[in-house]
Every structure is written in C-alpha cells, then in structure tokens.
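Before we start, here is the structure in question, set down as structure tokens.
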Amino acid sequence: MKQLLLVFLFVFNYSCVNAQEQYINHSKIKEDLNKIIGDLETNYVYLNEKGIDLNCIRDYYNSQIKHIKTEEETVLLFEYLLDEFYDSHLILNTNRSSSYRLSSPIYTSIKNDKFLVSSVWKTQILGVVPQIIDAEIIAINGVGFSEAIEQFPSYCNDKNNAVTREWIANKVLAGQYNRPRILTLKLKNKKEFTLDLDKIKLRAEPYFLTSKTINGVGVIRINNSLGKDNLVKEFDRALNNLIDAKGLIIDLRNTVDGGNSYVARGIMGRFITESRPYQKHLFLEKSKSNPAVNPVITRSWVEYVEPRGETYTKPVFVLVGRWTGSMGEGLAIGFEGMERAEIIGSEMEKLAGGVSSFSFKNQTYGYRISTEKLFHINGTARELYVPTYFVNQSLTDKDEVLEKGIKLINNLK
C-alpha cells in the first residue's frame with residue numbers, strides 16, 4: 001500500500017510539473033503579438049512597398065491565439081506572421097521542428113505560369129548533380145505544387161502576386177525540418193523524375209576560405225564565413241600568396257548566411273589606394289517626441305572603404321548566385337561601386353536592406369527587422385541588382401560562372 005501511494009504521488013507530481021511546463025499564457029502571447037506588430041509598423045522600412053494590411057495581420061493572428069496549446073505553436077504564430085511579408089530578412093532568432101528552413105539547394109522561378117528549376121547550388125552539392133535545370137516542379141510530397149503554395153500558412157498576403165508567389169514557392173522547397181521534401185519533376189524531355197531534396201548532401205567547409213591558381217588566375221572562395229572577423233586575416237594571407245596572379249576571382253556563391261561590414265570593408269580595402277564609396281544607406285527617421293504628428297524625415301548617407309595593406313591592382317571579378325546573401329550581396333555591389341571589380345553570375349538572394357534586432361516582452365528569443373534600405377552607388381536597390389555579366393545556369397555538370405570569369409581574365413590585354 002505504501003509503495004502504491006509513492007507511485008501515485010510520483011505520477012501526480014510529474015503530471016503537475018508537466019502541466020506547468022505546457023501551460024501557455026495567452027495574455028502574454030497577445031502582448032508579444034502587439035509588440036512585434038508595433039515594431040513592424042514603426043521600424044520596417046519596406047512596409048509600404050509590401051502592401052500588407054496590418055489590420056488583417058492584427059485581426060487574424062489575434063484570432064489564432066486562443067488555439068495555441070504548446071510553446072512550438074507560439075513560435076510558429078510569430079514565424080508565420082513574419083512570412084506574411086515575403087521577405088527572407090524578416091526572421092525569428094529561433095526555430096522548432098515544424099519551422100520552415102531558410103533556403104533550399106535548388107531555386108525555382110515562375111516562367112509562363114510554371115515553376116521551373118532555374119538554379120542549382122552546384123558548387124556546394126556533393127556528388128553528381130542531376131540535370132534538372134528548366135525542369136517543371138509538378139508536386140512536392142505527392143501534393144500538386146500550386147496546391148502546396150496555397151496551403152502555405154500565410155493569410156494576409158496575395159498568393160497570386162508573382163513576387164509573393166515565387167517567394168512562397170521557394171519557401172515550400174526549403175520545407176519544414178520535420179517533413180520530407182520529395183519533388184516530382186517534369187524534365188525537358190517530358191519524362192518525370194523524382195528528387196528527394198533531403199538526400200542531397202552539401203559540402204562541409206572546414207576553412208573560412210580556400211584559394212588556388214588556375215592557369216595563372218587566382219581564385220579565392222569564401223566559405224560562408226563573412227560573419228567571422230578572423231576571415232580578414234585569412235583573406236590577407238591568401239591574397240598575399242596570390243599577389244602576382246594576372247587576375248583574381250573572388251567567389252561569393254557560398255555566403256548564404258551573410259556577414260558583417262567589418263569583414264567586407266577589410267576585404268575591399270586591399271584593392272584600393274584611396275578612400276572609395278561602396279554603398280548608400282537610407283532610413284526613415286521618425287520624431288522621438290511626437291511621431292503621430294511630426295513628419296517622417298528621410299536620412300541617407302554614403303559609406304566609404306579605406307585602403308589597407310598591400311594593394312592588389314590587377315583585374316578582379318566577383319562570382320555571385322542565388323546563395324550569395326546579405327553582406328555577400330553588399331560585398332559584390334561594393335566592389336562594383338568602387339570600380340574595382342566586375343560581377344559575374346545570376347541574381348543573388350535579394351535580401352533587402354540592413355537589419356536590426358528586436359525583443360519580445362515575454363519570449364526568450366527575438367526577431368530581426370529591416371530598418372534601413374541599402375543601395376549600389378549608382379542608386380540601384382541592392383535586392384534588385386543584376387550582375388554585369390549575367391550567366392543563366394543551363395548545366396549542372398559544369399561551373400559556367402567560374403569558366404566565364406577565367407575566360408574574361410584571359411581575354412584581357
């Protein structure tokens with residue numbers, strides 16, 4: 001009897017503790033919902049361009065709070081809210097098993113109302129890459145691809161808008177961490193092909209960069225390390241070893257996570273002999289004393305790079321693609337803005353603006369919002385930039401972008 005009583009007390013105590021752990025305070029979630037919406041309304045510099053009705057956001061997500069039963073569902077509420085703005089720079093600083101990944105090893109574009117594979121992350125994929133460029137995406141996990149887009153958990157954005165629809169399509173390809181991503185493709189020869197994205201293995205890069213010489217041309221490849229301050233000294237070492245190369249290629253096609261301007265300016269400083277402008281900033285400044293009455297004032301400035309170390313003076317080409325993100329994009333337009341390199345490749349990640357971090361009142365994680373716009377020195381918005389030497393990927397068994405760079409250097413007199 002005593003043992004039975006002990007078992008009962010243990011089960012009772014465990015149930016109480018578990019219940020406490022699972023307790024969801026809807027009032028605090030509502031308070032945090034108002035906080036994130038207020039921050040978007042006040043600070044999100046692209047709010048007007050996005051055309052999202054904040055009243056719809058406020059009403060819909062408030063209506064969902066009463067259904068939340070777990071901490072994971074709380075995270076997803078805020079994640080899906082940010083997804084309404086179809087902007088990959090708006091993210092939570094956390095994720096859960098049901099969260100959507102931030103990217104996929106393939107990219108789809110809309111052409112003639114069809115979703116075609118337009119880019120494959122060839123440089124980062126291990127093994128043989130199937131020839132799927134221009135293949136039509138028919139279905140994912142047995143669900144028609146257009147239907148999967150309609151099922152994507154956003155409510156207030158317009159899924160018929162081409163820009164929004166393409167963004168959601170690539171979010172569907174990124175997929176949820178806890179679900180498979182098995183694609184049904186129709187190849188150019190009209191045959192159907194099944195591709196399991198989770199069986200594609202990406203190269204693990206142990207070093208911040210790799211460098212080599214190809215027929216007298218130096219090649220430095222940045223390995224998603226633009227956020228690591230120590231990259232600057234590693235870049236210095238690599239560049240010093242290639243200082244006599246007849247031309248240099250800087251490969252930014254694996255900078256998917258972006259980085260910081262300390263590293264970017266450190267790299268660019270090795271290619272100039274005088275102070276040079278590399279990007280323009282713009283943000284909307286609101287009155288601190290009475291923002292409801294006083295006008296919004298536009299504030300902008302041009303950022304410069306200063307020379308440092310031994311200058312590399314020979315031709316430079318920068319390689320970019322769909323997995324060149326944020327500071328990688330800034331580095332590319334910066335090199336061109338300084339008139340020290342020409343850019344080769346496709347569109348980049350199109351991560352708009354510079355981000356700032358914000359906090360909830362009650363959650364242990366925060367979120368990032370774009371608070372300033374960034375521009376090429378020529379006035380082009382960074383997210384709209386298209387490389388001077390545009391390369392439309394057509395093959396997965398050749399590195400067409402690198403080949404173009406080497407050819408251009410070899411053709412220089």
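I'd like the FRET efficiency for R179 and Q131, computed as 1/(1 + (r/R0)^6) with the beta carbon distance as r and R0 of 25 Å, rounded to 0.05.
Working: r = 26 Å, r/R0 = 1.06.
The value I calculate is 0.40.
Need one value: the accessible area of D32 in square angstrom, 1.4 angstrom probe, rounded to the nearest 10.
Near enough 0 Å² of accessible area.
Want the number for K407 to Y262: 0.36 nm per residue separation, take away the alpha-carbon distance, what's left?
On the way: separation 145, 0.36 × 145 = 52.20 nm, distance 3.15 nm.
Gain on stretching K407 to Y262: 49.0 nm.
Please give me, ordered by residue number, the trypsin sites (Lys or Arg not before Pro) of the range 243-330 that lie in loop per DSSP and have at most 11 other Cβ atoms within 10 Å. Display every interim value, and only then the final one.
Working: sites: K246, R253, R265, R270, K280, K286, K288, R299, R308, R322; in loops: K246, R253, K286, K288, R308, R322.
For trypsin sites (Lys or Arg not before Pro) across the range 243-330 that sit outside H, G, I, E and B with at most 11 neighbouring Cβ atoms in 10 Å, the list reads K288.
In cubic angstrom, how much convex hull volume per residue do the alpha carbon atoms of the chain span?
200 Å³
Right, here's the next one. Counting pairs of alpha carbon atoms under 8 Å apart in space and at least six apart in sequence, what relative contact order in percent does the range 178-244 give? Mind showing how you got there, number by number?
Numbers: 59 pairs, mean separation 13.7, N = 67.
Relative contact order, the range 178-244: 20 percent.
Using only alpha carbon positions, build the gyration tensor of the range 245-329, then give the equivalent ellipsoid semi-axes as the square roots of 5 times its eigenvalues, largest first, whole angstrom. Before the final figure, lay out the partial values.
Details: eigenvalues 234, 60, 17 Å².
Square roots of five times the eigenvalues give 34, 17, 9 Å.
Principal axes first, then extents: for the Cα atoms of the range 265-377, list largest minus smallest coordinate on each axis, whole Å, largest first.
So the three principal-axis extents are 53, 28, 25 Å.
For a quick check of understanding: with a 1.4 angstrom probe and all protein chains in place, what accessible area in square angstrom does Y304 have, to the nearest ten?
Roll a 1.4 Å probe over it and Y304 shows about 120 Å².
Quick one: if the Förster radius is 60 Å, what FRET efficiency do N240 and N290 give, using the C-beta to C-beta distance and rounding to 0.05? Provide the component values of the computation, followed by the final result.
Details: r = 55 Å, r/R0 = 0.92.
Computed FRET efficiency for N240 and N290 comes out at 0.60.
Turning to a different aspect of this structure: Quick one: if you stick a label point 7 Å off each Cα along the C-beta vector at R101 and L202, how many nm between them?
Result: 0.7 nm between the two label points.
Extension gain E150-K114, at 0.36 nm per residue separation less the Cα-Cα distance, in nm? Numbers along the way, then the final one.
Values: separation 36, 0.36 × 36 = 12.96 nm, distance 1.48 nm.
Full-extension gain reported as 11.5 nm.
Run the simple label-point estimate for T388 and K66 please: 7 Å along Cα→C-beta, distance reported in nm.
Once both label points are built, they end up 6.0 nm from each other.
To the nearest 10 degrees, how steep is helix 26-43 against the longest Cα principal axis of the chain, on a 0 to 90 scale?
That helix lies at roughly 30 degrees to the long axis.
Keeping every protein chain present and rolling a 1.4 Å probe, give me the accessible area per residue for the chain in Å². Write down the numbers at each step before the final one.
Values: 20610 Å² over 413 residues.
Accessible surface, normalised per residue, equals 50 Å².
On to the next question. Which percent of the accessible heavy-atom area of the chain goes to carbon and sulfur, probe 1.4 angstrom? Provide the component values of the computation, followed by the final result.
On the way: 10350 of 20610 Å².
Taking all protein chains in place, the chain shows 50 percent carbon and sulfur surface.
Additional query: Helix-derived [θ] at 222 nm for the chain: sum -39500 (n - 2.57) over DSSP H runs of at least 4, divide by residue count, nearest 500?
Working: 11 runs with 130 residues, N = 413.
The helix-only estimate for the chain comes to -9500 deg cm²/dmol at 222 nm.
So, in nm, how far is label I138 from label T298 when the simple model puts each one 7 Å beyond its Cα toward the Cβ?
In this crude spin-label approximation the distance works out to 5.0 nm.
In degrees, nearest 10, range 0 to 90: what is the angle between the Cα axis of helix 231-241 and the longest Cα principal axis of the chain?
For 231-241 against the chain, the angle is about 20 degrees.
What does the highest-first list of 130-137, 210-217 look like by mean Cβ count within 10 Å?
Working: 130-137: 19.8, 210-217: 14.5.
Packing proxy ranking, top to bottom: 130-137, 210-217.
Normalising by the residue count of the chain, find the relative contact order in percent from Cα pairs under 8 Å and 6+ residues apart. Numbers along the way, then the final one.
On the way: 758 pairs, mean separation 63.9, N = 413.
Normalised by residue count, the contact order of the chain is 15 percent.
Still on this structure, please answer the following. Can you grab the distance from the C-alpha centre of the range 358-395 to the C-alpha centre of the range 139-214, Å, no decimals?
20 Å
Now, a different point. Compute the length gained on full extension between N230 and E306: take 0.36 nm times their separation in residues and subtract their Cα-Cα distance, giving the result in nm to one decimal.
Values: separation 76, 0.36 × 76 = 27.36 nm, distance 1.87 nm.
Full-extension gain reported as 25.5 nm.
Excluding G309 itself, calculate the net charge of residues whose Cβ lies under 12 Å from the Cβ of G309, where each Lys or Arg counts +1 and each Asp or Glu counts -1. Could you put the intermediate results ahead of the total?
Values: positive: K233, R237, R270, R308; negative: D236, E306, E310.
Result for the neighbourhood of G309: +1.
Express the relative contact order of the range 104-201 as a whole percentage, based on alpha carbon pairs under 8 Å and six or more residues apart in sequence.
Working: 143 pairs, mean separation 28.2, N = 98.
RCO, the range 104-201: 29 percent.
Also, I was wondering about something else. Setting aside same-chain residues fewer than 8 positions from K314, which lysines have a Cα under 30 Å from its Cα?
K122, K212, K228, K233, K246, K280, K350, K398, K404, K407, K413
Using only Cα atoms, find the angle between the long axis of helix 400-411 and the longest principal axis of the chain, and express it within 0 to 90 degrees, rounded to the nearest 10.
It is inclined by approximately 20 degrees.
The values are calculated or read from the model by the stated rules, or taken from the named source; none is laboratory data. Please read these numbers as outputs of a predicted model, since none were measured by experiment. Heads up, the Cβs are rebuilt from the backbone with ideal geometry, glycines too, and the neighbour counts pull from every protein chain shown. We work out accessible area using only protein heavy atoms, side chains counted, and drop any ligands, DNA or RNA first. Shrake-Rupley method; radii C 1.70, N 1.55, O 1.52, S 1.80 Å.
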